[in-house]
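Working notes, structure below.
Rule-based calculations on the coordinates, nothing more; no lab input. From a predicted model like this one, the values you see are computed outputs, not experimental measurements. Note: ideal-geometry Cβ built from the backbone for every residue, glycine included; neighbour counts use all protein chains shown.
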Amino acid sequence: MADHDSRCAKNCISIGQARRAKTGRLKNWKTLAALEVKMKKKTLLLLLLLVVLALEGCATMRGLGEDIQNLGRVLKRAAS
């Protein structure tokens, strides 16, 4: 754990440090680029998750619609 803490102290930056980097008060551009890549990956993952959930929702609603249609056919046959 101490090894991680020492590496993080050298390589990890906070949001405040990222803001200072954009204004030119922090010279660690490599770390800032790594932070931006990490944020882009998280955003992409969230977007992908939303797309998958939307597609699954459509499949579920389609199945529900088919079940309701089948129920209507059964009721129609039973009534005639």
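A few remarks follow.
- Our summary of shape: the Cα atoms of segment 38-78 have principal axis extents of 60, 5, 5 Å, ordered from largest down, in whole angstrom.
- Other residues whose C-beta falls under 12 angstrom from the C-beta of N70 contribute a net charge of +1, scoring Lys and Arg +1 and Asp and Glu -1.
- 13 Å beta-carbon shell around L48, net charge (K/R +1, D/E -1): +2
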